[in-house]
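Below you'll find the structure, written out as C-alpha cells, and then a few comments.
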Amino acid sequence: MTFEEKRVELVKKLRGERRITSIEVEKAFLETPREMFVPESLKNYAYLDTPLEIGDGQTISAPHMVAIMCEGLDIKKGQKILEIGAGSGYHVAVISKLVGKEGRVYSIERLSSLAKKAKKNLENVGITNVTIEIGDGSQGLQKHAPYDRIYVTCAAPKIPPPLIHQLKDKGKLMVPVGKMICNLELVEKTGEQIIKKDLGGCAFVPLIGKYGF
Ligand code: SAM
C-alpha cells in the first residue's frame, strides 16, 4: 500500500468511528502527509492511529486525537489560531488547511530542537501560513493576540489564565487538563462569560512552564 492509500484508509476509519464528522476536517487530513512529520525509521507506522516518538521524549499525537480537537474547535477559513506545543508540526499542518491561505496559525514550542524540525517539516510539505516560535506557551503568545482559537497539545494542571485573556470574544480554547491521564476541556468565551465543556478522557505529555507543571 502507498502512503496515500494508507492515509485514505485511516480517514475512512476515523469517519467510521465518528472522530471525523465534517468534510472540512476530512479534506484537511487527506491533504496532510503524516509520514513527512515522523522520523525516517517510523514512516511505515505513520498511518497507525497511535502516538509516535519524535525525539526529546516527546510524541506526535494519535490521529484520532488530532481529529477530535479539530472537530471540537470548529475552525473556519481565515481565522487566527494559536497552538501550544508544535512537536513535529503535524497537528498545526492540519489546522493550516482548515484556516486556508487567508488564515494564520502560530505555534509555540519550548524545545528549540523540535521547533527547528517542525519548521523544516512544514517547509518540506509547502505550508506557508504557519509561524513557529520558541518559548513557554503556557503564557500564550501575547504579541499576536487575540486569537479566534487556541489549543494546547500537552496536559496542563489547570487552564492557563493567559490563554483565556488572549482569546477573542466568542473564541474557543481547548486544553487537556490533568496529569498524563486528563480531560479534554473546551472553553467558550462570550464577553465576561466563560463556559466549560468536558469532552472526555485523553492522555498527553505534560505542559512544562509558568502555568504548567
Ligand atoms: N502537536 C504536536 C504534533 O503534531 O506533533 C504534538 C505535540 S506533543 C504531544 C507536546 C509538545 O508540547 C511537545 O513538543 C513539548 O515539548 C511541548 N511543550 C510542553 N510544554 C510546553 C510549553 N510550555 N510551551 C510550548 N511547548 C510545550
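The values are calculated or read from the model by the stated rules, or taken from the named source; none is laboratory data. None of these values were measured; they are calculated from a predicted model. Methodologically, a virtual Cβ is constructed for each residue, glycine included, from the backbone with ideal geometry; neighbour enumeration extends over all protein chains shown. What goes into the accessible areas is simple: the full protein's heavy atoms, side chains included, and nothing from ligands, DNA or RNA. Shrake-Rupley method; radii C 1.70, N 1.55, O 1.52, S 1.80 Å.
Data table
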{"item": "Share of carbon and sulfur in the accessible heavy-atom surface of the chain [1.4 Å probe, %]", "result": "53"}
{"item": "Dipole of the chain, positive end: most advanced residue of Ser112, Pro33, Leu14 [Cβ charges, Cα centre]", "result": "Ser112"}
{"item": "Pairs beyond 22 Å (Cα-Cα), from Lys13/Lys172; Lys13/Lys43; Lys13/Lys189; Lys80/Lys143; Lys6/Lys119; Lys80/Lys158", "result": "Lys13/Lys172; Lys13/Lys189; Lys6/Lys119; Lys80/Lys158"}
{"item": "Most positive-pole-ward Cα, Ile208, Ala155, Ser138, against dipole of the chain from beta carbon charges", "result": "Ser138"}
{"item": "Positive-end residue of Ile127, Cys182, Leu52, charge dipole of the chain with Cβ unit charges", "result": "Ile127"}
{"item": "Residue of Gln58, Gln79, Gln193 that the Gaussian network model of the chain assigns the largest fluctuation, springs spanning Cα pairs under 10 Å", "result": "Gln193"}
{"item": "In sequence order, calculated HN-Hα J values of region 113-127 (Karplus, 6.51, -1.76, 1.60; Hz; x Gly/Pro)", "result": "4, 6, 4, 5, 5, 4, 4, 4, 4, 5, 4, 4, 9, x, 8"}
{"item": "Vicinal HN-Hα couplings computed from phi for region 187-202 (Karplus, 6.51 cos²θ - 1.76 cosθ + 1.60; Hz; Gly/Pro x)", "result": "10, 10, 10, 10, x, 8, 7, 10, 10, 10, 10, 9, 9, x, x, 7"}
{"item": "Residue-wise HN-Hα coupling along region 3-9, computed from phi with Karplus coefficients 6.51, -1.76, 1.60 (Hz; x: Gly, Pro)", "result": "4, 5, 5, 5, 5, 4, 4"}
{"item": "Those residues of region 65-92 whose amide nitrogen sits under 12 Å from the label point placed on His144, 7 Å along Cα→Cβ", "result": "79-86, 92"}
{"item": "Size of charge dipole - region 3-203 - debye, nearest 20, with Cβ of Lys, Arg +1 and Asp, Glu -1, no other charges", "result": "300"}
{"item": "GNM result for the chain, Cα springs below 10 Å: residue of Leu186, Leu82, Leu48 fluctuating most strongly", "result": "Leu48"}
{"item": "GNM flexibility winner over the chain from Ser41, Ser107, Ser88 (Cα, springs under 10 Å)", "result": "Ser41"}
{"item": "Contact order relative to length of the chain, as percent, for alpha carbon pairs under 8 angstrom and 6 or more apart", "result": "15"}
